[in-house]
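Structure provided below as structure tokens; questions to follow.
Here, each number is a calculation from the coordinates, and none is a lab measurement. Treat the numbers as computed from the prediction; the structure is a model and nothing was measured. Here the Cβ positions follow ideal geometry from the backbone for every residue, glycine too, while neighbour counts run over all protein chains shown.
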Amino acid sequence: MADFAPGRGVHGTQDAQDEPAGSAAAEPGSQGTAGTGTPGTGAAPAGPTGPQANPHAEPRAEPEVKAQVAAPAPAAEPEPVDVLVIGAHPDDAEIGMGGTLVKLHRLGYRIGLIDLTRGELGSKGTPERRAQEAAAAARVYGARFRLNLHLGDNRVEDSPALGRKLAALIRRCRPRLVFTHHGDDRHPDHRGAWALVRRAVFQAALRNLDLGEPYHLVDALLFFPVNEWVEPSFVVDITDTFEGKLQAMRAFASQFVEPTAPIDHKYFGVEDYLEAATVRARHYGLRIGVRYGEAFLADAVPVADPVAAFRRG
């Protein structure tokens, strides 16, 4: 865990400080990220004209206009990555750890995602539209691939057979870190994902279990909350990437932007996820003395270098 951690904005909750951490390094190739600021394209203001113009004044050069290149769409096939995020539904990863995903992308880590279901039982949007939105969101943080296993909404559960299927994908992706749901969540699919991913990570590490790919032991399995408040194992400073988190969430316009739920729809929990994301990020950020943070939980995690693991910036 520690030799993976770059030491930028990852804090244990015991080490809260009053001063905010320093900002992260600039993102390499960030021009390709959807929604980033575009350099101004207007010409510089012209000098005085007419009879009063200075005939000796040098003409002003037009500012260079740089084309903004769209980020490539995530692939549909798995490939080796540093970080693998497994969510029950499209948008769970963005709600739980969108700012951390943007941060990891800026730090140069390769990211892959697996959605277990299409979210077809949701009250807003269609599975087809949610798939398009998921691809758009993944472009915000440069995901190498985003897959959907079509396990069936409201049917995610732990089983040896599904565990082997997911373990084979983990072996193929060979991530250093795997992120998935925190198990204490009111949504049954989130609880099912937690148990299933735990099994799959365990099975992926079994040397004598033949899954068609060499066995693989991840550095750490980490958990993000979606609906519940938690006492975190650690908090990631996302102050400089919080806008990226909101951008990724807004890509799911059918879920978080457009009021497309039926008039008589009753929400189980959160109605305004963008507002809730801000409140949560402020709360967890305050826990470590920064403006915005994302909470994570972990079992016992090996730390090779405590100084690097808990460095502030």
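Output needed: percent of Cα pairs per 5 Å distance bin for the stretch 157-313, bins running from 0 to the one holding the longest distance.
2, 8, 13, 16, 17, 16, 13, 9, 4, 1, 0
Between Ala75 and Glu231, what FRET efficiency follows from the Cβ-Cβ distance if R0 is 25 Å, with the result rounded to 0.05? Walk me through the numbers on the way to the answer.
Details: r = 37 Å, r/R0 = 1.47.
After rounding, the FRET efficiency stands at 0.10.
Provide the per-residue ³J(HN,Hα) series for the stretch 159-169, in order, calculated from phi with Karplus coefficients 6.51, -1.76, 1.60 and θ = phi - 60°, each as a whole number of Hz, with x at glycine and proline positions.
7, x, 5, 5, x, 5, 4, 6, 4, 4, 5
Applying the Karplus parametrisation 6.51 cos²θ - 1.76 cosθ + 1.60 with θ = phi - 60° to the phi angles of the stretch 217-229, what ³J(HN,Hα) value in whole Hz is obtained for each residue in order, glycine and proline being reported as x?
Ordered by residue, 3J(HN,Hα) equals 10, 7, 5, 7, 10, 10, 10, 10, x, 10, 9, 9, 7 Hz.
Using a simple charge model, +1 on the beta-carbon of Lys and Arg, -1 on the beta-carbon of Asp and Glu, nothing else, what dipole does the stretch 177-313 show about its Cα centre, in debye to the nearest 20? Write down the numbers at each step before the final one.
Working: 14 positive and 19 negative charges, 51 e Å.
Rounded to the nearest 20 debye, it is 240 debye.
Starting from the stretch 109-198, pick out the trypsin sites (Lys or Arg not before Pro) whose DSSP state is loop and whose Cβ has at most 13 other Cβ atoms within 10 Å.
Values: sites: Arg110, Arg118, Lys124, Arg129, Arg130, Arg139, Arg144, Arg146, Arg155, Arg164, Lys165, Arg171, Arg172, Arg176, Arg186, Arg191, Arg198; in loops: Arg110, Arg118, Lys124, Arg144, Arg155, Arg176, Arg186.
Passing both the DSSP loop test and the Cβ count: Arg155, Arg186.
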